[in-house]
Amino acid sequence: MTEIAELKEAERPHAPKIPGATEAHRRQGRHLAAIHRMHLRDMAEIRQLMGRIDDDLSSAQALAEAVQTSAMKRNLLGFGSLCGHECNNLLFHHGAEDQQIFPILEQRGSDGLRAVVQKLRQEHVLVHALLDDLESGARALLSAPGPGRYATLRATFEQLEAVLKSHFRYEETELETALGFHAAF
């Protein structure tokens with residue numbers, strides 16, 4: 001499983017101040033935070049669904065038996081659908097940043113801003129690795145249910161959620177002014 005330590009938060013570069021930037025530029029850059037909040041709401045919904053799965057497990061002898069109940073099946077299928085939907089949305093979001101927004105910032109920004117964008121691109125790779133881990137874990141759980149596989153899936157989800165929160169916070173903080181100033185968003 002991918003580790004949050006790979007974010008190397010202490011090594012993150014910081015974007016330099018942009019002379020001439022205005023509050024209007026920062027306001028425009030805050031639109032990214034609104035999009036991130038939408039993703040985090042979806043993650044919270046997935047977390048609630050995992051809580052329902054946990055509740056089903058607490059009253060069951062073993063996960064394999066619990067999967068046979070209609071409530072557990074419904075919750076696992078819901079997890080798969082909701083999680084798959086959010087994973088696709090995150091891939092689309094990062095694709096748009098990597099292909100449309102970041103090139104503008106790299107072209108128009110300073111060396112310091114380019115360093116931030118490079119770090120964000122590296123973090124996108126980490127997030128995508130966690131998404132792959134989550135997908136693999138969900139498939140493994142559905143093909144052969146067991147407490148160990150569910151625990152691995154849950155741990156992967158929690159890791160992804162922690163990485164996303166950190167990544168979004170960093171991205172919003174470092175790019176808020178640059179997005180508006182360079183008309184990248």
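Evaluate the following for Q122: is it more than 18 Å from R26 (Cβ to Cβ) and open to solvent by 40 Å² or more (accessible area, probe 1.4 Å)? For Q122, the condition - more than 18 Å from R26 (Cβ to Cβ) and open to solvent by 40 Å² or more (accessible area, probe 1.4 Å) - is met.
The lone criterion from (1) modelled with pLDDT of 90 or more; (2) more than 16 Å from the chain's Cα centre (by Cα); (3) basic (K, R) left unmet by R52 is number (1). Assess whether L91 counts as being more than 16 Å from L32 (Cβ to Cβ) and surrounded by 15 or more Cβ atoms within 10 Å (Cβ to Cβ). When the stated conditions are applied, L91 does not pass them. Considering each residue of segment 143-156 in turn, none proves to be touching a Phe, Trp or Tyr at 6+ places or on another chain (Cβ under 8 Å) and either at pLDDT 85 or above or surrounded by fewer than 21 Cβ atoms within 10 Å (Cβ to Cβ) (or both). Among residues of segment 168-180 that are crowded, with 18+ Cβ neighbours inside 10 Å, those with a beta-carbon under 6 Å from a residue that is among the aromatic types (F, W, Y) at least six positions away or on a different chain give the pairs L179/F185.
Yes or no, residue by residue, for (1) at pLDDT below 90; (2) of a type outside the set (A, V, I, L, M); (3) open to solvent by 60 Å² or more (accessible area, probe 1.4 Å); (4) more than 24 Å from A162 (Cβ to Cβ):
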residue: I4; (1), (2), (3), (4): yes, no, yes, no
residue: L7; (1), (2), (3), (4): yes, no, no, no
residue: P19; (1), (2), (3), (4): no, yes, yes, yes
residue: H25; (1), (2), (3), (4): no, yes, no, yes
residue: L32; (1), (2), (3), (4): no, no, no, no
residue: I35; (1), (2), (3), (4): no, no, no, no
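Picking from residues in segment 137-147 that are in a helix (DSSP H, G or I), of a type outside the set (A, V, I, L, M) and in contact with a Leu (Cβ under 9 Å, 6 or more places away or on another chain), the one that is nearest to D54 (Cα to Cα) is P147.
When we screen R121, R74, R114 for residues that are over 20 Å from A155 (Cα atoms), modelled with pLDDT of 75 or more and more than 19 Å from the chain's Cα centre (by Cα), the only hit is R114.
So that you can scan it fast, the table gives a plain yes or no per residue for (1) under 17 Å from D98 (Cα atoms); (2) not β-branched (V, I, T):
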{"position": "V117", "(1), (2)": "yes, no"}
{"position": "A129", "(1), (2)": "yes, yes"}
{"position": "D132", "(1), (2)": "no, yes"}
{"position": "A138", "(1), (2)": "no, yes"}
{"position": "A144", "(1), (2)": "no, yes"}
{"position": "R149", "(1), (2)": "no, yes"}
{"position": "E172", "(1), (2)": "yes, yes"}
{"position": "A183", "(1), (2)": "yes, yes"}
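Cβ-Cβ contacts under 7 Å between residues 6 or more apart (or on different chains), taken from a first residue in segment 119-139 that is over 20 Å from Y150 (Cα atoms) to a second residue that is buried (at least 20 other Cβ atoms within 10 Å of the Cβ) and of a type in the set (D, E), are listed as L120/E171.
The values are calculated or read from the model by the stated rules, or taken from the named source; none is laboratory data. Computed from a predicted structure; not experimentally measured. Please note: Cβ atoms are built from the backbone with ideal geometry, for glycine as well, and neighbour counts cover all protein chains shown. All accessible areas refer to the heavy atoms of the entire protein, side chains included, with ligands and DNA or RNA removed. Shrake-Rupley method; radii C 1.70, N 1.55, O 1.52, S 1.80 Å.
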